[in-house]
Each structure stands twice: as C-alpha cells, then as structure tokens.
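Here's the structure, in structure tokens; my notes come after.
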Amino acid sequence: MKHKNSKKDEEEKVTIEELLHELRTKNNLSYLELSEKINDRSITEKTVKKWEKGLEYPNLNIIYQLSEIYNIPSEDFLKAKDNSFKSGLAGINFQAVKWICYFLDISIKAGTIITILIVALLLVGSFWFFITMCYNVDKSRI
C-alpha cells in the first residue's frame, strides 16, 4: 500500500517542465515538430524550449492542444504547472539559473552547478581583491 502512495506522490510532484520534456522525447518529437503540431502560429520551437526550461508556461488553450497531441488528460498538465509554482521554480533566484540553462542549452542541474561555481569564483575574487588592496595600503605606509 505504501508503494502506491509514494508512486502517486511522485507523480503529483512532476513539474510542467519535466512533463513536457518527458512527453516530447518519449514521442520522439523535436522542438520544431511539436511546435508545428500545435495549432497556433505564435508557438515556435523556441517557445517549446522555453516551456521545458521553465521560462514560460503554456496557456490553457495550448495545454488543451498538448493533451490531445499526447493523449493524456489536461488535468495532468495543470497539476504539473501547479507543482512548478509550488516547488519555487518561479522564484527570482532560480530565474537566473533558468536563463543560463536556456542560453547554454543545458539541464537545470548543470545550470545550478555552473551558477554556484560562478558565485564561488566571484567570492574568491572579491576576497583576493580585498586582501591585495589591504596589503598595498599597508605597504604604502612604510
């Protein structure tokens, strides 16, 4: 019985980004192929990519079309979209990571690691700058 509950909990926590990526790749569709299946000229391959990176979210009309394309209930998309908001993926801190992932075309995990490395390097660099400035000030007093 526990196994079924944990499976249900796991399904409920799927984000819209994960769901869209999983369905597209499972159906062997490229970004372009999916955008062409959607009956809306404003949806391009870049738009689909932004959905999968969590930079934009499909509206209700598009969600309805996606449910028909993938033959799954639109409720699944709506729950996944709600999970994205609940998990904090729309937060301002995570937004920078999402944009890095979009421009570098990398996963969220890789983008997070790169962002952490950049912040660490900036901290070390500012510390080094501070130390050298203090050393130069002391040296000039002699």
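Every number here is computed from the coordinates shown, using simple stated rules; none is lab data. Worth saying up front: this structure is predicted, and the values here are computed from it rather than measured. Don't worry about glycine lacking a Cβ; one is built from the backbone with ideal geometry, like all the others, and counts go over all protein chains shown.
Annotation for F130 and N27: the two label points, set 7 Å from Cα along the Cα-Cβ direction, are 5.3 nm apart.
Cross-linked pairs K26/K49; K49/K109; K46/K79; K50/K109; K53/K81; K53/K98: Cα-Cα separations exceed 18 Å for K46/K79. For the stretch 11-105, the Kirkwood hydrodynamic radius from C-alpha pairs, put into Stokes-Einstein at 10 °C and a viscosity of 1.306 mPa s, yields a diffusion coefficient of 118 µm² per second.
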